[in-house]
1. Among B:53, B:33, B:76, determine the one that fluctuates most according to a GNM of chain B built with springs between C-alpha atoms less than 10 Å apart.
2. Residues with beta-carbon under 12 Å from that of residue A:132, excluding residue A:132: net charge, scoring Lys, Arg +1 and Asp, Glu -1?
3. So, counting K/R as plus one and D/E as minus one, what does the shell of residues with Cβ under 15 Å around residue B:39 add up to?
4. Treating the stretch B:64-123 as a set of equal point scatterers at the Cα positions, no solvent, please give the Debye-formula log₁₀ I(q)/I(0) at q = 0.12, 0.20, 0.24 Å⁻¹.
5. Quick one: among A:53, A:22, A:86, which has the greatest mean-square fluctuation in a GNM of chain A with alpha-carbon springs under 10 angstrom?
6. In whole Å, how far is the Cα centre of the stretch A:64-132 from that of the stretch A:12-43?
7. At 222 nm, what value in deg cm²/dmol follows for chain A if DSSP H runs of at least 4 each add -39500 (n - 2.57) and the sum is divided by all its residues, to the nearest 500?
8. Note the angle between two axes, namely the Cα long axis of helix B:67-85 and the longest principal axis of the Cα atoms of chain B, as a number of degrees from 0 to 90, rounded to the nearest 10.
Amino acid sequence: MIVGLSAAALQGAPVVTQDVDLWFEDLNDPGIRKALKQVNAAYVPPTASTPPLFAGDGVKLFDIVVHMHGLESFDEEAKNTVSVPLGKTHIRVLSLDRIITSKKATGRHKDKLVLPVLKDTLVTIKEHSKRH
Amino acid sequence: MKISSAKVNKLCKEKKLNLNRMLADAGVSRNAYYSLLRKESILPKSITAIANYLEVSPAEFLESEHSNVITTKKRYKQAEDIHNRHKWADMDNIVHTLLLLEEPPIERLRRALLRGRQFNFQQ
């Protein structure tokens, strides 16, 4: 599933981000290798000093997330996703309220700064959906 | 010039809107709407007088607002309504969210990434 600010942006949040954070149920899923191969990229397993990474021009924008602060397990959070149309497919995206919960939990300065925008977006989306 | 209820009903139907809902969203009371329907002319007398003098229809010299202007005003009104119900929310954030909701998700993401990569606030 897509998490972080890219997930928020997909849902309508006026935010900026450097990358697309991907949270996988299982990094050993053969589908990941298959997709990477299609864009001439590779998976770099974690070491003592580096997290799991993607390597290659086709995946420069993507980061692997292995843990989400303040959230439940992947399986639990999979219930808190929304389906977003992207091209010919649909992709699971972490819901905005869970992104807010996660950003609150990290306690990082940059996450605290974006919280008001995410909260404003959440209320706007809720009000907007009442009318449409 | 008068209002054609048939045309209004047709437009509502095309936009899948109920008349009452449309009036409520537009901020027009039912009384005001039905009062307008009964009028032979909804234009000010001065407009009618000019049109009569020039022997043309008022439509010849009246300009309607550009559709972009109408959409922008409508969006701003919706943002104000949301802000009135949630005073703590920032008006700019509401307006920008409404703008982004008009775009497909991929375009929202593209914009977020473009801006994020153009400006590195860490530097």
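1. B:53
2. Numbers: positive: A:126, A:130, A:131, B:15, B:16, B:21; negative: A:127, B:25, B:102.
Net local charge, residue A:132 excluded: +3.
3. Working: positive: B:2, B:38, B:45; negative: B:40.
Taking every other residue near residue B:39 into account, the sum is +2.
4. With no solvent term, the Cα-only Debye profile gives -0.42, -0.88, -0.98.
5. Most flexible of the set in this elastic network: A:86.
6. Comparing the Cα centres of the stretch A:64-132 and the stretch A:12-43, I get a distance of 17 Å.
7. Values: 5 runs with 54 residues, N = 132.
Rounded to the nearest 500, the figure is -12500 deg cm²/dmol.
8. 70 degrees
Just so you know, all these numbers are worked out from the coordinates, no wet-lab data involved. Only a predicted model underlies this, so the values are computations on that prediction, with no experimental measurement involved. When we count neighbours, we look across all protein chains shown, and the Cβ atoms used for this are built from the backbone with ideal geometry, even at glycine.
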